[in-house]
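Contents: one structure, followed by commentary.
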């Protein structure tokens with residue numbers, strides 16, 4: 001189960017995610033998290049406590065980043081664990097969402 005903590009600062013918003021980013025996260029992200037991020041100019045997604053992501057979670061992540069970027073928001077994904085980063089690179093997530101989005 002995915003949980004999140006939202007911290008708003010003057011020039012950005014940080015979302016600290018905790019848990020598995022998978023199909024069960026879809027409702028939480030689409031119905032609660034995305035609306036909360038709509039008015040932020042910069043969004044940082046902190047993946048430090050995300051231990052697992054499946055194909056549904058990757059699709060969801062692509063959708064979130066794409067949607068926010070379409071609304072002219074700057075998005076960064078921070079603190080991705082090495083094993084998840086390897087999966088991202090294997091399925092070419094950086095190429096899809098932009099290499100500048102994932103901060104190593």
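Details
- So residue 32, is it modelled with pLDDT of 95 or more and more than 19 Å from residue 69 (Cβ to Cβ): no
- Counting only strands (runs of 3 or more DSSP E) that sit completely within the stretch 1-79, those holding 2 or more residues that are free of Cβ contacts under 8 Å to residues at least 24 places away in the same chain and loosely packed, with under 15 Cβ neighbours inside 10 Å correspond to 3-8.
- Residue in the stretch 89-104 that is modelled with pLDDT under 95, more than 12 Å from the chain's Cα centre (by Cα), surrounded by fewer than 19 Cβ atoms within 10 Å (Cβ to Cβ) and within 18 Å of residue 15 (Cα to Cα) present: yes
The values are calculated or read from the model by the stated rules, or taken from the named source; none is laboratory data. Because the structure is a prediction, the values reported are computed rather than measured. When we count neighbours, we look across all protein chains shown, and the Cβ atoms used for this are built from the backbone with ideal geometry, even at glycine.
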